[in-house]
Each structure stands twice: as structure tokens, then as C-alpha cells.
Amino acid sequence: MTAPTPLQLRCCAASGCRSAGADALQAALHTARDQLGGAAEGVTIKPVGCLRLCGRGPLVAIDRPAGASELYADLSAEQAPALLAAATGLGQGDALAKQRLDPAHPFFALQQAVVLEGCGVVNPESIDDALAHGSYAQLKRVLAAFSPEQVREQVKRSGLRGRGGAGYPTGLKWDTVALQPPGPRTVVCNADEGDPGAFMDRSVLESDPHRLIEGMAIAAFAVGADQGYVYVRAEYPLAIERLRLALKQARAKGLLGAGIAGSSFNLRLEVRVGAGAYVCGEETALLASIQGQRGTPRPRPPFPAQVGLGGAPTLINNVETLASIPVILREGGDWYAAIGTEGSKGTKVFALSGAVAHTGLVEVPMGTTLRTVVLTIGGGVPGGEGPDGGVKAVQTGGPSGGCIPAALLDTPVDYESLRELGSMMGSGGLVVMGESTSMPEVARHFMRFSVNESCGKCVPCRAGTVQLAQLLDRFVERRAELADLERLEELCRMVGATSLCGLGQAAPNPVLSTLRYFRQEYQAACRQPAQCEPLEACLLQEVSP
Ligand SMILES: Cc1cc2nc3c(=O)[nH]c(=O)nc-3n(C[C@H](O)[C@H](O)[C@H](O)COP(=O)(O)O)c2cc1C
Ligand code: SF4
Ligand code: FES
């Protein structure tokens, strides 16, 4: 009789791999295991979240009893028997050798998992598995031994800044909410993630939803809130499904609801599904949308931390911000503050995509250079050559950000450095562009996005973005005049300075940054002024019969 094989196959069951056939592969693995019978007894097939290298999915990791793991990419359902053979050692040869990834590859070796530590490890649909990996331990600890002030102190010490884009200090925001006059408070998680090229928040929700719930519960305790909402965009059905399941499981275990974990702390958490408007990610528009109103921004102040849902102080934080909280409590604020740079602490999750060899999720310490992220971790442009790996520019910050040229790849990725370059961190989308990319076209692409997503409430954004897009058309279609360059810059300044919310204020950034670094492309797209022939030639023509 064959001895049981205590092996585990971790199968990525997040959106990226599912779209490449992960469900069929997992079903085929179950069938193949059944067919092997006793020989595969004890082989666990475990669905997990994102294993990071999303562009090579479906991915499966084999965990060996001795502790070693192997990761396989580009798998298909037909390869399920070969994968089981590789796991159990029962087959002949090594059919999947070419699909086995090297764990020492910089894509994996240079990452530091803090927010993503449970991604690809826990089963996102099982609270028991999440508990076995430490979920809710910090919430229980905080409720048993911490005051709200002590929690806020740790968050302040950590130096954590909001990961939703603006980088506002999280501890300071928590203090602002907590120190408002007595009364009800609400905590809201912003999971609208509308930036093109961003999929970090979706991955956290799909891969480790209990981490977010725990972070939100700790935040609610720290600011004195007893209700909360996770606002998720409708385009994320799997994230919504898993989050709803996780909330149900947490309520059933007494980790949400009344008297959490035997304490006097109560928290009701619900999911609110957005209706697909990018501007609803802006915090005041988001609050309007939760309350059933049209999702348009309003002027600030007052800030939501002062006057939010139903007029009560409301804490709004991004998914990644809140998912960082359990680790900060576990390891301590000082531990977190020791990672990163002077002004930007901790790690940052990036969604790396575009013209890059390794597409996926990357978590690195703040201050890691763009070169390391894009070339060493990302592998540069496929087939790209030279010291910059065929990279022409890197777009950060989505429609509010900018394009950074390859010459500046040695820039550390932190809030201040990116801002100095005319871009911004944004939520973490990094889109790599190769040599053949036309920068006026890139600028027009983002401007058209802003035109479509402008809510129309204020004129500079509603009309200005349309005019900017029309001006950019002239460059892309090579019918611009040199004077259009000035018009473009002037209009950018006007729209940025006079729009009501961040969408309009930052919409010119992709234009301004491409003008700053790739001006010659705009100039080359201008019609040249009619060339005058030398005077003698003109006169000669006139007197000629
Ligand atoms: C047009 C626009 C869209 C935004 N979209 C998002 C979003 O999808 N997710 C997010 O967390 N923040 C988004 N923000 C930023 C939020 O307004 C807010 O600053 C953030 O949720 C605060 O959380 P944080 O302090 O954890 O970063 C957006 C802002 C603007 C102006
Ligand atoms: S800047 Fe644009 S999105 Fe923001 S309120 Fe004005 S019109 Fe709406
Ligand atoms: S979705 Fe499977 S590796 Fe990211």
C-alpha cells in the first residue's frame, strides 16, 4: 500500500488566472487526483488568491512536505495529470520543466510581502484557513489590551500614508475623525479602483478579504465607529462575492456584529456596489453614492473626516491602507516605519502592466527605483534591448499621473520623487511603454478618459477636458500649428487650477508630463510654416514669361 502523500497544490483562483482557464484546471486536477486513487491520497488541492505573475496564468504552486515550493505557469487543464505527476513523483520524466519558474528570479526574490502576505497563501473563501494564518489575531489583541488612542499611536508611528492616491497621513486622519465632538461615526473602505491599469485592490479583495475586514474593524475601534461600508466597483464581481462571503463568515464567528470577540465593541459592516463611474472613487462623490444620491463631488472643507455620511464624521481609507493595519499592529509602528524612505514609509503594491515581460502584482519597499521595478523585476519590454530594456516611458498614477521617461528610471518610487517629476504615485498602476509609443497619443488616450468620466458639475473640467482632447486630436492627426502648443499649455493650467475636484485638477498631468519630456514629438506633429523661397527666386519667377 502506498503511503499518503502530504502534498499541497495551491491553485490561483483570482480573476487573472480564472480568465486564463484556472477553473477548468482546478476541476481537472480533482479528476486526475481521483483517478490516481490511493497513490494521490493526501494531496490537497487548495484554491488561493493571486500568486503575483498574473500574465503567465493559470499558476499553481506545489508545496512539498519538507517546506520547499515550486511554481508552475502557463498551465492548461490538459496538463493536470502531468502536474500531479510532478507533485507525487509518480510520472515519468519532467514534462513541465519549461513551465517551472525560478523562485530566485528577481520577480519573486525582490518583493517584500506585507499587504500581500496572505495573497496566494490563504484560501479566500475559508475563514478557518484565514484564522489558521493569523487573521483577526490583531483585532482580538487590540480589543483585549489596547485603547483607541494606543491603536492610533501605532498607526502614527508607522508613518503610513493613504494608498488611494493623495498620500495623506493615515494616523492624522484617524485622529481627526476620533477627536470630533461625541456622536456616531462611520468607517468606509474605498474599493472603487477606477485607474486604468490598476488591479492591486481587486487582488487583495479576491485573495485575502479577511485581512481587509480585520483592518477595517481595527480602524473602526480606533475612531469610535460602529458601522462601516466597503464601496466596491460593480466591475469586480468576484471580489464582491468573496467579500460578501467573508463578511458572512466573520459575523458567524462573532468577529463582526455585537460584542465582537467577547468585548463591548460593536461593528456592522456592509458592501455597497458602485455603478461604474470613475469619479465615485473621489471621497465626497463616493459618500453621495452610498447615500443613494448622484455620485458627484462637493467642495471640501468640510472634509468627510468632519462631515461625512449622514453628517457624521467618516473615516475613508483605501483597501491597501486598511489591509496594512493588521501587520502594523502585529509588528509595531516602528517596524513598519523602518521600511521605505524618510517621507514614504512601508511597502507599496504596484500593478505592473503594458509593454513588460512580467505582468503582475509587485510589492516592494517604498524608495525602490523604477529601474528595479520595471527592468529587474518586470524584465523590461519583451525583446527590448539596451541599458533601458527598450522602455520609452513609465506611466504612473493613471489619468491623474504622468509619463516618466526612461532617462529617469533611477528615480526612487516615493510620493515626493514622483511629484517632483510631474507625475504621482496614484493608487499603484505602473504601465510600461515601449519605443514605438506615441506620446501625444498617450496624452489623448488619458484625456479622452477624463472627458468620458467628468461628472460635468463644473465648467473648467466639463468643457476644458473636451477642448484639450480636441487640441490633442490636432497633434495626433499631425495638423496642429505651433501656436497650439501654447494653447495646450495654457488650457492645461486653467483646467488644473479651476476644477472643483481631483479629477479635473489632475486631468492635465498626462499632457503636461509628456510635453515636459517628449516636447519634440508634439513639435514634430506641427505643420511647418510655409517655407518662403529666396527673394531672387521669387523675382525671377515674376519676370519669367
Ligand atoms: C477622481 C478621483 C478618483 C479616485 N478614486 C479612488 C479610488 O478608486 N480608490 C481610492 O482609494 N481612492 C480614490 N481617490 C482618492 C479618494 O478621494 C480618497 O483620497 C482616498 O480614498 C482616501 O483614502 P487613503 O487616505 O487611504 O488614500 C480618488 C480621487 C479622485 C479625485
Ligand atoms: S472637476 Fe470634473 S469630475 Fe470633478 S466636479 Fe468638476 S466636472 Fe465633476
Ligand atoms: S491572478 Fe493568478 S497570479 Fe495573479
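Throughout, read-outs are computed from the coordinates displayed, never taken from laboratory work. This is a predicted model, so every value here is computed, not measured. Here the Cβ is made from the backbone with ideal geometry for all residues, glycine too, and neighbour counts use every protein chain on show.
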Binned Cα-Cα distances of the chain, short to long, each 10 Å bin given as a whole percent: 4, 17, 25, 24, 16, 8, 3, 2, 1, 0, 0
For the range 328-359 versus the range 391-439, the gap between their alpha-carbon centres in whole angstrom: 17
Dipole of the chain, positive direction: furthest Cα of 227, 54, 503, with charges on the beta-carbon: 227
Cα-only radius of gyration and Dmax that characterise the range 162-268, units Å: 14.4, 43
In nm, spacing of pseudo-spin labels at residue 486 and residue 452 (7 Å Cα→C-beta vector): 3.4
Reachable lysines from residue 253, criterion Cα separation under 25 angstrom, eight or more residues apart if same chain: 46, 140
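How large is the charge dipole for the range 394-487, taken about the Cα centre, if only the Cβ atoms of Lys, Arg (+1) and Asp, Glu (-1) carry charge, to the nearest 20 debye?
Numbers: 9 positive and 12 negative charges, 98 e Å.
Charge dipole of the range 394-487: 460 debye, to the nearest 20.
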Extension gain (nm, one decimal) between residue 141 and residue 335, 0.36 nm per residue minus Cα-Cα: 68.0 nm
Distance between modelled label sites at residue 253 and residue 293, nm, 7 Å Cα→Cβ extension: 3.8
For the range 137-161 versus the range 303-319, the gap between their alpha-carbon centres in whole angstrom: 20
Per-pair calculated FRET efficiency, R0 = 41 Å: residue 95 and residue 524 via Cβ, rounded to 0.05: 0.20
Centroid-to-centroid separation of the range 52-112 and the range 250-296 [C-alpha atoms, Å]: 38
Principal axis box of the range 439-524, alpha-carbon based, largest edge first, Å: 36, 20, 19
Value of [θ]222 nm, deg cm²/dmol, for the chain, DSSP H segments ≥ 4, -39500 (n - 2.57) each, nearest 500: -12000 deg cm²/dmol
If the convex hull is drawn through the Cα atoms of the range 1-135, its volume per residue in Å³: 118
Estimated dipole of the chain in Debye, rounded to 20 [Cβ of Lys and Arg +1, of Asp and Glu -1, Cα centre]: 1500
Angstrom value of the Kirkwood radius, inverse mean 1/r, which spans all Cα pairs in the range 127-337: 16.9
Reachable lysines from residue 392, criterion Cα separation under 29 angstrom, eight or more residues apart if same chain: 345, 348
Using alpha-carbon coordinates, inclination of helix 209-223 to the longest axis of the chain, degrees: 80
Summed side-chain charge close to residue 461 - residues other than residue 461 whose Cβ falls under 15 Å, Lys, Arg +1, Asp, Glu -1: +3
